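Chemist: Below you'll find the structure I mean.
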Amino acid sequence: MSKLILTHEVSGLGSAGDVVEVRNGYARNYLIPQGYAVAWSRGGQKQVESIKAARAARELATIEEARDLKARLEATKVTLAVRAGSEGRLFGSVKTQDVADAVAAAGIGSIDKRTIEFAAPVKSVGEHEASVRLRDDIVATITLQVVAAK
């Protein structure tokens with residue numbers, strides 16, 4: 001087992017700044033190369049404090065603001081115009097940055113692309129859902145209307 005400090009949020013494992021123990025292969029082959037974690041050390045404990053401070057600054061200030069943003073996100077369908085073939089299949093897939101940009105363009109608010117997760121990759125025209133983690137305890141579900149760009 002390897003002891004690591006997470007630098008990004010990893011679903012099912014923890015948030016940035018958490019110290020976790022994972023299997024050696026998972027750490028060596030995925031978390032560390034992808035930049036999601038660094039090896040734990042006594043000196044790294046100082047790094048934990050700075051990561052948690054940065055996460056707190058990025059997190060929405062109050063629970064009321066997060067609930068308000070959640071209500072606005074869930075009440076509105078976000079429309080994304082992407083290049084698609086005649087069968088309705090996309091050239092590529094919808095990325096989290098595309099969703100964050102569409103939410104900002106719709107005037108709903110700004111969200112961090114790292115907080116957006118898809119249940120399955122969005123590779124076709126139609127209606128899809130994505131979840132947005134606004135705070136550790138508040139998750140909003142966005143309805144995406146993916147349409148073919150002209």
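Chemist: Across the stretch 14-33, what is the number of residues that are at pLDDT 90 or above and surrounded by 11 or more Cβ atoms within 10 Å (Cβ to Cβ)?
Modeler: Selection size over the stretch 14-33: 9.
Chemist: Another question, then. Considering only strands (runs of 3 or more DSSP E) fully contained in the stretch 1-73, which possess at least 2 residues that are out of contact with any Gly (no Cβ under 7 Å at 6 or more places or on another chain) and over 30 Å from Gly109 (Cβ atoms)?
Modeler: Counting at least 2 such residues, we get 2-6, 19-22.
Chemist: For the stretch 107-136: of the residues being without any contact (Cβ under 8 Å) to a residue 40 or more places away in the chain and assigned to a loop (DSSP other than H, G, I, E, B), which is surrounded by the most Cβ atoms within 10 Å (Cβ to Cβ)?
Modeler: The extreme case among them is Val122.
Chemist: Considering each of Ala104, Ala81, Ala140 in turn, give the residue that is of a type outside the set (S, T, N, Q), in a strand (DSSP E or B) and under 19 Å from the mean Cα position of the chain (by Cα).
Modeler: Criteria check complete, one pass: Ala140.
The values are calculated or read from the model by the stated rules, or taken from the named source; none is laboratory data. Quick caveat: nothing in here was measured; it's all calculated off a predicted structure. Methodologically, a virtual Cβ is constructed for each residue, glycine included, from the backbone with ideal geometry; neighbour enumeration extends over all protein chains shown.
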